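> Quick one: the structure is below, questions incoming.
The values are calculated or read from the model by the stated rules, or taken from the named source; none is laboratory data. Fair warning: this is a prediction, and the values are worked out from it, not measured in the lab. With ideal geometry, Cβ positions are generated from the backbone for all residues, glycine too; neighbour counts draw on all protein chains shown. The accessibility values were calculated without ligands, DNA or RNA, using every heavy atom of the protein model including side chains. Shrake-Rupley method; radii C 1.70, N 1.55, O 1.52, S 1.80 Å.
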Amino acid sequence: MLSPFAEDIWLADGPVAAVVGFRYPTRMAVIRLAGGALFVWSPVALSDGLRAAVDALGEGRYLAAPNSLHHLFLGEWLRAYPDAAVYAPPGLRARRKDIAFDGDLGDAPPQEWSSEIDQVVVRGSLITTEVVFFHRKSRTVIFTDLIQHFSPTWFTGWRAVVADLDLMTAPEPETPRKFRNTFVGRRIARAALRRILDWPAERVLMAHAPPVDRDGQAFIRRAFRWLSV
């Protein structure tokens with residue numbers, strides 16, 4: 001249920017989710033912090049097998065929803081891990097009033113993981129505000145929806161045409177056009193991207209694209225060349 005990606009990072013792919021008829025694979029990451037506490041990014045559906053695999057790594061202590069679109073399974077994770085602290089990205093508290101969040105994700109990481117994981121908020125899009133993370137030990141940057149890539153055969157019919165126009169099935173991972181066209185605050189987004197490019201990235205994880213295991217910083221520059229830092 002969990003596959004190792006880099007030092008102290010594991011990945012798990014969840015079930016496919018449908019959004020307006022578009023099928024999206026789901027993916028989460030687990031980062032083991034010093035002392036054994038686990039940081040869970042973008043939790044997917046929690047099965048018995050996945051819970052056993054997580055418990056074998058350490059204590060599930062921090063749950064992070066990276067944007068206001070990736071939150072569907074927070075409730076079941078909190079029921080399984082009632083002592084875990086759950087953190088909200090900008091905009092999610094208003095959507096999930098059923099969850100008592102322990103903190104908000106901003107441009108500075110909470111003290112609980114600040115020595116091991118950095119983060120920055122990418123603002124400016126009318127669709128959602130995304131928190132991007134950087135795991136220092138493995139030099140891994142973690143994006144959610146800002147970079148995507150699907151096989152040309154993943155979508156069918158008119159959805160395949162829309163996905164092609166949106167750059168979701170471009171030759172390499174890209175920021176979809178729907179995000180590019182809704183960034184009304186490009187100056188603030190460029191400031192966030194400059195911080196991301198300051199990280200010594202080697203690897204890149206994304207919710208909807210194959211992982212990148214080398215030349216991460218160059219990969220990020222290509223994916224965001226439209227933003228013209």
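> Against the condition in contact with a Gly (Cβ under 9 Å, 6 or more places away or on another chain), open to solvent by less than 70 Å² (accessible area, probe 1.4 Å) and within 20 Å of G21 (Cβ to Cβ), how does T169 come out, does it pass?
Answer is no for this residue.
> Of the residues A17, A88, A29, A65, which single one is touching a Phe, Trp or Tyr at 6+ places or on another chain (Cβ under 8 Å) and without any contact (Cβ under 8 Å) to a residue 24 or more places away in the chain?
A88
> If a residue counts only when it is without any contact (Cβ under 8 Å) to a residue 60 or more places away in the chain and of a type outside the set (K, R), which helices (runs of 4 or more DSSP H) contained entirely in the range 146-229 have at least 2 such residues?
157-165, 186-198, 216-223
> Condition test on V184, is it open to solvent by less than 40 Å² (accessible area, probe 1.4 Å), aliphatic (A, V, I, L, M) and in contact with a strand residue (DSSP E or B) (Cβ under 9 Å, 6 or more places away or on another chain)?
No.
> A further question on this structure: Which ones in the range 12-36 are in a strand (DSSP E or B), open to solvent by less than 60 Å² (accessible area, probe 1.4 Å) and farther than 23 Å from T153 by Cβ?
A12, M28, A29, V30, I31
> Name the residue that is nearest to Q119 (Cα to Cα), counting only residues in the range 61-100 that are outside any loop (DSSP other than H, G, I, E, B) and open to solvent by less than 10 Å² (accessible area, probe 1.4 Å).
For the range 61-100, the residue satisfying everything is A64.
> While we're here: Has the range 140-151 got any residue that is buried (at least 22 other Cβ atoms within 10 Å of the Cβ), within 15 Å of L227 (Cβ to Cβ), at pLDDT 95 or above and among the β-branched types (V, I, T)?
Within the range 140-151, one or more residues are buried (at least 22 other Cβ atoms within 10 Å of the Cβ), within 15 Å of L227 (Cβ to Cβ), at pLDDT 95 or above and among the β-branched types (V, I, T).
> Return the residue satisfying two criteria in turn: it lies in the range 206-222 and is open to solvent by less than 10 Å² (accessible area, probe 1.4 Å) and out of contact with any strand residue (DSSP E or B) (no Cβ under 6 Å at 6 or more places or on another chain), and of such residues it is farthest from F150 (Cα to Cα).
Across the range 206-222, the extreme among qualifying residues is I220.
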